[in-house]
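Heads up, the thing below is written out as structure tokens.
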Amino acid sequence: MPRYMLIMRGTDESNAAMMASIDEAMAATGRFIEEMIKAEVLLAAEGLDDPGRGVVVDFSGGAPVVTDGPYGETRELFGGYFLLDVASKEEAVEWATRVPAAPGSKIEVRRVAEADEVPPGAESNGQV
């Protein structure tokens with residue numbers, strides 16, 4: 001079956017709303033995870049730390065440049081994901097509509113490419 005990633009995207013406002021009721025948000029997320037486990041579609045689920053604690057490795061110049069903090073605006077960052085093993089994109093979207101997300105959040109649904117979809121020779125010429 002194809003795998004799909006539900007990528008959690010928030011704004012400063014939606015993240016603040018979630019943090020204001022974090023116990024309720026965590027309980028709702030726990031119930032959602034249990035539903036996915038019972039349906040045998042959940043492969044992984046992770047939340048990410050504050051982007052200000054991360055670093056960015058930028059390859060746009062000659063040598064990689066490492067800088068502190070998030071790259072881009074907060075709305076461009078994602079805060080976590082669910083990895084699902086489902087039969088179709090439509091099923092992945094249906095699960096995405098059930099994520100207990102704060103108002104203003106977005107869920108991006110992306111299919112995970114399989115190893116056999118890598119173009120021939122891509123591994124040997126540095127494309128992967």
When residues of segment 40-80 are filtered for being at pLDDT 95 or above and surrounded by 12 or more Cβ atoms within 10 Å (Cβ to Cβ), how many remain? 4
Can you pull out the residues in segment 1-19 that are within 15 Å of Ala113 (Cα to Cα) and more than 17 Å from the chain's Cα centre (by Cα)? Met1
Those residues of segment 75-115 which are among the basic types (Lys, Arg) and either within 13 Å of Val41 (Cβ to Cβ) or touching a Ser or Thr at 6+ places or on another chain (Cβ under 8 Å) (or both) amount to Arg75, Arg98
How about segment 1-106: which strands (runs of 3 or more DSSP E) wholly inside it have at least 2 residues that are small (Gly, Ala, Ser)? 42-47, 78-85
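Can you tell me which residue in segment 26-39 is surrounded by the fewest Cβ atoms within 10 Å (Cβ to Cβ), limited to those that are under 17 Å from the mean Cα position of the chain (by Cα) and in contact (Cβ under 8 Å) with a residue 12 or more places away in the chain?
Taking segment 26-39 first, the residues under 17 Å from the mean Cα position of the chain (by Cα) are 26, 29-30, 32-33, 36.
Then keep just the ones that are in contact (Cβ under 8 Å) with a residue 12 or more places away in the chain; that gives 29, 32-33, 36.
Numbers: Thr29: 19, Phe32: 18, Ile33: 14, Met36: 19.
Only one residue fits best here, namely Ile33.
The values are calculated or read from the model by the stated rules, or taken from the named source; none is laboratory data. Given the structure is predicted, the values throughout are model-derived calculations rather than measurements. Backbone-built Cβ (ideal geometry, glycine too); neighbour counts: all protein chains shown.
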